[in-house]
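Participant: Mind looking over this structure? Questions follow.
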Amino acid sequence: MKKYLIYCILFFSCFCTTAQKQEKLFEQSYALLDSMLEDKTAFNFKKAVFSTENAYLNGKLDTRALNKNIAFYTNLAKSIVASKTLVYGEKDRETVNKWFSIFQVMCDTVPFYLKERQYISKPFGYDFTDVFGHQSKESLFVSKLLTNHKGNCRSLPYLYKILAEELGVDANLALAPNHVYIKHKSERHGWYNTELTSGIFPIDAWIMASGFVHVDAITNGVYMKALDNKESIALLLVDLANNYNAIYPENDGTFVLKCAETAIKAYPHFGTALILRAETHKKQIEEEKDNQVASKRFTLLEKEYQHIHEIGYRNMPEQMYLNWLVSLKTERNKYENKNLNTINKK
Amino acid sequence: MAYAVNVEIKNPRMGKNTKRLFPTLIFGMMCMLTFGQVQMPKTPTPTNFQIATPTQDITPNVVPNPLGNPYYDGQDRIRRQNEQIIAEVERNEQLLAQQQKQLNDDIAEFNNNHINYSLPSYGNIEGTKYYREVFEKLNRTDPNKFSVKDLNFQIENAFYENQRDKAEFDRIIKNIGEFITAKMQELNYGPNSNSAKNFMLFQFFSDTLKLKNGTEHLPFKYDFEDYMGIKDYSKMFVTKLLATQTGQCHSMPLLYLILAEEINAEAYLAYSPNHSYIRFPADSGKWYDIELTNGMFSTPSYVLQSGFIKSEALQHKIYMHSLSNRQLLSQFYTDLAGGYIAKYGYDEFSATVIGKALELYPNSIIANLTKANIDANRLQYVIQQLDIDPSIPEERDKIRSHPQAVEVLREADCQYNKIDNLGYTFMPDEAYQNWLQSMKEQKSKQDNQTIKEQLKGFMDKKQLKN
C-alpha cells in the first residue's frame with residue numbers, strides 16, 4: 001500500500017513538473033518576444049516564431065531539422081538570384097531579385113542540380129483542412145508547413161518573412177480580415193502585394209472589395225498596413241496567447257492579457273489583439289462574483305468594443321473568408337496587379 | 001585632370017641642378033669609403049641621393065658640425081637640403097593648387113552665370129497679372145472662413161483676364177438658391193434639415209425639378225468631350241457648367257459646394273483617383289457619397305472598386321476623405337496654379353502658388369502631382385542648358401560636376417518619392433472612363449435607389465411629424 005502511494009505521488013508530481021515546464025516555456029517565449037520589442041534582444045523572426053511553436057508543442061520542436069530545412073530553401077533562393085532570371089533594372093534590383101527568388105521557391109516548381117543529379121522543388125500547397133486551427137493550433141505552424149509542405153495564410157507568409165530574413169532583405173507582413181499577406185515597396189511599382197496562398201500579386205481592391213474591410217479600418221491601419229518588425233512581433237504575441245488558451249482553456253486570463261497588452265502597446269490598432277483583450281475581460285467578468293464590480297467592468301468592456309468598432313474593425317464570417325480567398329483564383333484577371341508583368345507567371 | 005599637370009612641371013628642373021650636385025656626390029662617396037668599415041646605423045643608399053638631386057641648392061651658410069666629423073657633417077647637410085627641397089616642392093604645389101582652384105572657380109562662375117537654375121518667368125505677359133492679383137487675395141484669405149463662390153469665381157476670372165461679370169454670376173447663384181428653397185417649401189421639407197437640403201441639391205443636379213409657378217430645371221449632363229480640359233482648360237469651370245449645363249468631375253462638385261454655401265447646407269469635397277465627389281452628413285450622423293457626374297448616390301465600395309486606390313492612399317487620407325476648410329483653400333491655390341500652367345506654362349510663380357497649397361495641405365495629391373510636374377520641367381530645363389542627354393548613362397554622370405543642377409535633380413527625385421509614399425498610382429484615362437461607366441451597372445443602380453429611398457423615407461417621416 002505504501003509503495004502504491006509513493007508511486008502515486010511520484011506519478012502526480014511528474015505530471016505537475018511537466019505542466020509547470022510547459023507553462024515556463026510560454027513564459028520564456030513571452031520574455032523573448034518582449035525583449036525583442038524592448039530592443040534588449042536583436043530582432044530575429046525565425047527565433048521568435050519557433051519559440052511560440054515550441055511552447056505549444058511543449059518543447060518538442062525539432063529546431064535542428066527545421067533550420068536545416070530553412071537553410072535548404074535559402075540556398076535554393078540564392079541560386080535563383082545567381083541565375084539572374086528577373087528582368088528588372090532599377091536601383092533596388094538586388095533586393096527585388098531576392099524577393100522574387102523567395103516567391104519562386106515558395107510558389108513555383110524549381111528544378112535544381114545536386115551532385116549532378118536533377119531534382120525538383122515543388123511549391124508549397126494550401127491546406128484546406130483546418131484553415132483556422134480549430135482542431136489543432138499546429139495547423140497554423142511554420143514547422144508543420146515545413147514538414148507537410150502544405151500551409152495556410154499564417155504559416156506561408158511567416159515562412160516568407162523568415163526566408164527574407166535569412167537572405168538579408170526586409171519583408172512586411174500585412175493584415176486583412178482573418179488573413180496575412182506580404183507587402184513590398186520597390187522603385188518601379190511603389191507598394192505592391194504578394195499573396196502566397198494562391199501565388200499571385202493582387203491589387204488592393206481585392207481586399208477592399210471583400211466587403212468586410214471598412215474604409216476607416218484601412219485609414220487607421222487596422223488592415224492593409226505594411227507592418228514593421230515590432231508590429232510583426234505583436235502578431236506572434238497574439239498567436240502565443242491563443243496557443244496558451246488552447247492548452248489551458250481554464251486559465252484565469254492573466255497570461256493572455258499580458259500578451260494582448262504588450263501586443264497592443266507595439267501595435268495600437270491591432271484588431272485581433274483588441275478583440276482578444278476584450279474577450280478575455282468578458283470571460284473574467286462572467287467569473288466575477290461581486291455584482292457591483294462586474295457591472296462596473298462591463299461598462300468598461302462596452303467602451304472597449306465601441307473603440308474596436310470605431311477604428312473600423314469588423315468580423316468576417318469564416319465561410320465568407322474561404323469564398324473570398326478563392327475569388328483570387330476565379331477572378332484573377334480582375335484582381336491581378338498588371339504592373340508586375342516582369343514577375344507574373346504567364 | 002588638373003593634378004596630373006603639377007607633376008610634369010617639376011621635371012625640367014632636374015637637368016639644371018645635376019651639375020651643381022657633383023661635388024656633393026663625390027664628397028658623400030668619400031665619406032662612405034673612409035667610414036665604410038665603421039658600423040654606422042644607417043648608410044645612405046644611392047637612391048637617397050637621387051631623390052635629393054632634383055632641386056637641391058648648395059647653401060654656403062650651412063652650420064658646420066661642431067664635432068668636425070665629415071660624415072656627420074655630410075649627412076646633416078643632406079638632411080637639411082632635403083628638408084628645404086621638400087618645403088619648396090610643397091610651396092610650389094600649394095601655389096599651383098591655389099592657381100588651379102582659382103581657375104576652377106572662375107570657370108564655374110563663368111558657367112553658372114550662363115546657366116539658369118530656375119524656370120524662366122512668364123511674368124512679362126500682361127495677362128499673368130490677374131493671376132498674381134488672385135494669389136495675393138488668396139494669401140489674405142482666412143483659411144477658416146471664406147466664400148467658395150467668390151474664390152472660385154476669381155480663379156476662373158483670372159483665366160478670362162477679368163472679363164467676366166461677377167454681379168451676373170452672383171445673380172445666377174442667388175436664383176438657383178431661391179429655386180431650391182422654394183422647392184423645399186413646396187415639398188414641406190424641414191428648412192433646417194441638412195439631409196433635406198442636400199437631397200434637394202442632389203435632385204437639382206440629377207433630376208428635372210419643376211416649381212408650381214412653372215419654372216423648371218433640367219438635370220446637368222456629363223460632358224465626355226475633353227473632360228480633363230487638356231485642349232480647352234475652361235472645360236473645368238463652373239461658369240462653363242452654368243452656361244452649357246454640361247460639366248465634369250471638377251466643375252460639378254464645385255458648383256454643388258457653391259450652392260450648398262448659398263442655402264447653408266453642410267457638404268464636403270472628397271477625392272478619388274482622377275476624380276472628385278461630394279460627401280455630406282445626414283441628420284442621423286451617417287455620411288452619404290454623391291457622384292454628380294452620374295447623378296447617383298455612390299458607396300465607398302464603388303469608389304474602392306476603381307482598383308487604383310492603394311491602402312497607403314487611405315492611410316495618408318489622400319482619397320475618400322472630406323476636405324476641411326483649410327484643405328479646400330489649398331485646393332483653390334492648386335486650381336489657380338492649374339489655370340496658370342494651362343494658359344502660360346510652368347514657371348517659378350506657379351511653383352510659389354503650389355508651395356502655398358502644400359503649406360495648407362501637405363498631403364494634397366493634386367498639389368503634389370503639380371509640384372512633381374514643375375520640378376520635372378525645371379530639371380529638363382537645366383539639363384538642356386548643360387547639354388546633357390539623360391538617355392545616355394555616361395552623360396547623366398556629368399550632372400555631378402554641377403552642384404546646383406544636382407540640387408534640382410534631388411528635389412525632383414524627392415517629390416516623386418513623396419508621391420509614391422503617399423500611395424498614389426497612375427490611373428489611365430480608359431480605366432477612369434470604364435469605372436465611371438460601371439456605375440450604370442445593375443448593382444450600383446440598386447444601391448443608388450436604396451439610398452435614395454432611405455433618405456426620402458427619413459424626410460417623409462419628418463414631414464409627418466411636422
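Participant: Distance in nm between label sites at B:W287 and B:M228, each 7 Å beyond Cα in the beta-carbon direction?
Facilitator: Once both label points are built, they end up 2.7 nm from each other.
Participant: Moving on to the next point. Let me have the relative contact order for chain A, percent, based on Cα pairs under 8 Å that are six or more residues apart.
Facilitator: Contact order relative to length: 15 percent.
Participant: If you don't mind, another one. Could you work out the mean count of beta carbons from other protein chains within 10 Å of each residue's beta carbon in B:301-307?
Facilitator: For peptide B:301-307, the averaged partner shielding equals 5.
Participant: Compute the helix-to-body angle for A:254-266: its Cα long axis versus the longest principal axis of chain A, expressed 0 to 90° and rounded to tens.
Facilitator: So the inclination is approximately 40 degrees.
Participant: Is there a quick way to get the dipole size of the protein assembly as shown? I mean about its Cα centre, with the Cβ of Lys and Arg at +1 and of Asp and Glu at -1; what is the value in debye to the nearest 20?
Facilitator: For this selection, approximately 1940 debye.
Participant: Let me ask something else. Based on the Cα coordinates of the range A:242-346, what is the per residue volume of their convex hull in Å³?
Facilitator: 169 Å³
Participant: Where does each of B:239-248, A:65-74 land if you order them by average Cβ count within 10 Å, highest first?
Facilitator: B:239-248, A:65-74
Participant: Beyond a 18 Å Cα-Cα separation, which of these cross-linked pairs lie in this structure: B:K174/B:K221; A:K24/A:K46; B:K371/B:K418; B:K183/B:K212; B:K235/B:K317?
Facilitator: B:K174/B:K221; A:K24/A:K46; B:K235/B:K317
Participant: Dividing the alpha-carbon radius of gyration of the range B:128-465 by 2.2 N^0.38 Å (N being the number of residues), what value is obtained?
Facilitator: With N residues counted in the range B:128-465, Rg over 2.2 N^0.38 Å equals 1.09.
Participant: Provide a whole-number value for the mean count of partner chain Cβ atoms within 10 Å of the Cβ atoms in peptide B:308-320.
Facilitator: Counting other chains' Cβ atoms within 10 Å and averaging over B:308-320 gives 6.
Participant: Taking the Cα centre of each part, how many Å lie between the range B:291-367 and the range A:105-155?
Facilitator: What the calculation gives is 46 Å, centre to centre.
Participant: Under a plain spin-label model, where a point goes 7 Å from the Cα along Cα-to-Cβ, how far apart in nm are A:D170 and A:L322?
Facilitator: According to this spin-label approximation, the distance is 3.7 nm.
Participant: While we're looking at this one, here's another question. Which FRET efficiency, nearest 0.05, do A:F298 and A:R188 yield, Cβ-Cβ r, R0 41 Å?
Facilitator: The calculated FRET efficiency here is 0.20.
Participant: Then there is this: I need the calculated FRET efficiency for the pair B:Q449 and A:N251, taking r as the beta carbon distance and R₀ as 51 Å, to the nearest 0.05.
Facilitator: Given R0 = 51 Å and the Cβ-Cβ separation, E is 0.45.
Participant: From Cα pairs below 8 angstrom and at least 6 apart in sequence, can you work out the relative contact order of the range B:128-465, rounded to a whole percent?
Facilitator: Normalised by residue count, the contact order of the range B:128-465 is 17 percent.
Participant: Ranked highest first by the average count of other Cβ atoms within 10 Å around their residues, in what order do B:297-307, B:188-198, A:315-325 fall?
Facilitator: Top of the packing list down: B:297-307, B:188-198, A:315-325.
Participant: Looking at A:N333, A:V87, A:I207, which one has the Cα that reaches farthest to the positive end of the dipole of chain A (charges on Cβ: Lys, Arg +1; Asp, Glu -1)?
Facilitator: A:V87
Participant: On a 0 to 90 degree scale, rounded to 10, what angle separates helix A:2-37 from the longest Cα axis of chain A?
Facilitator: For helix A:2-37, the angle is close to 50 degrees.
Participant: If you average 1/r over every pair of different alpha-carbon atoms in chain A and take one over that average, what Kirkwood value in Å do you get?
Facilitator: That comes to 21.9 Å for chain A.
Participant: How big, in percent, is the set of alpha carbon pairs in the range B:287-436 lying more than 18 Å apart?
Facilitator: Summing the P(r) tail past 18 Å for the range B:287-436 gives 66 percent.
Participant: Please name whichever of A:N245, A:T272, A:N97 sits farthest to the positive end of the charge dipole of chain A, dipole taken about the Cα centre and charges placed at Cβ: Lys and Arg +1, Asp and Glu -1.
Facilitator: Result: A:N97, furthest along the dipole toward the positive end.
Participant: Tell me, what is the FRET efficiency for B:T244 and A:K338 to the nearest 0.05, using R0 = 35 angstrom and their Cβ-Cβ distance as r?
Facilitator: Given R0 = 35 Å and the Cβ-Cβ separation, E is 0.45.
Participant: Over all directions, how big on average is the projection of the convex hull of the alpha-carbon atoms in the range B:265-341, in square nanometres?
Facilitator: 6.3 nm²
Participant: Near A:K183, which aspartates and glutamates are there with a Cα under 12 Å away, not counting those fewer than 8 places off in the same chain?
Facilitator: A:D170, A:E195, A:D204, A:D228, B:E312
Participant: With labels modelled as points extended 7 Å from the Cα through the Cβ direction, what inter-label distance (nm, one decimal) is found for B:N144 paired with B:L96?
Facilitator: 7.0 nm
Participant: I need the P(r) histogram for the range B:156-315: all alpha carbon pairs, bin width 5 Å from 0 out to the longest distance, whole percents.
Facilitator: Once binned at 5 Å, the Cα pair distances of the range B:156-315 give 2, 8, 17, 20, 20, 16, 10, 6, 2, 0, 0.
Participant: Order the peptides B:214-224, B:155-165, B:94-104, B:361-371 from the highest to the lowest mean number of other Cβ atoms within 10 Å of their residues.
Facilitator: Answer by packing, highest mean first, reads B:361-371, B:155-165, B:214-224, B:94-104.
Participant: Please report, largest first and rounded to whole Å, the three semi-axes of the ellipsoid equivalent to the range A:158-231, where each semi-axis is the square root of five times an eigenvalue of the C-alpha gyration tensor.
Facilitator: After diagonalising the Cα gyration tensor, the semi-axes are 21, 13, 12 Å.
Participant: Got a sec? Charge dipole of the range B:178-325, +1 on Cβ for Lys and Arg, -1 for Asp and Glu; which of B:A182, B:N274, B:A260 is way out at the positive end?
Facilitator: Result: B:N274, furthest along the dipole toward the positive end.
Participant: What three numbers, in Å, describe the spread of the alpha carbons of the range A:103-224 along their principal axes, ordered from the longest?
Facilitator: Result, largest extent first: 55, 43, 23 Å.
Participant: Something else now. Expressed as a rounded percentage, what relative contact order does the range B:330-407 have, with Cα pairs under 8 Å and six or more residues apart?
Facilitator: 24 percent
Participant: Let me ask another. Between B and A, buried accessible area summed over both sides at probe 1.4 Å, in Å² to the nearest 100?
Facilitator: Counting both chains, the buried surface is close to 1400 Å².
Participant: Hey, got the dipole for the range A:180-315? About the Cα centre, +1 on K and R Cβ, -1 on D and E Cβ, debye to the nearest 20?
Facilitator: 280 debye
Participant: Cα centroid distance between the range B:203-226 and the range B:85-154, in Å?
Facilitator: 51 Å
Participant: Would you work out the charge dipole size for chain A about its Cα centre, treating the Cβ of every Lys and Arg as +1 and the Cβ of every Asp and Glu as -1, and quote it to the nearest 20 debye?
Facilitator: Its charge dipole is roughly 1140 debye.
Participant: Now for a separate question. How much net charge surrounds A:R93 when only other residues with a Cβ under 12 Å from its Cβ are counted (Lys, Arg +1; Asp, Glu -1)?
Facilitator: Here the charged neighbours net out to 0.
Participant: OK, next. Which log10 I(q)/I(0) values, to two decimals, does the protein assembly as shown give at q = 0.05, 0.06 Å⁻¹ under the Debye formula with one point per Cα?
Facilitator: -0.46, -0.62
The values are calculated or read from the model by the stated rules, or taken from the named source; none is laboratory data. Because the structure is a prediction, the values reported are computed rather than measured. Using ideal geometry, Cβ is built from the backbone for each residue, glycine included, and neighbour counts are taken over all protein chains shown. What goes into the accessible areas is simple: the full protein's heavy atoms, side chains included, and nothing from ligands, DNA or RNA. Shrake-Rupley method; radii C 1.70, N 1.55, O 1.52, S 1.80 Å.
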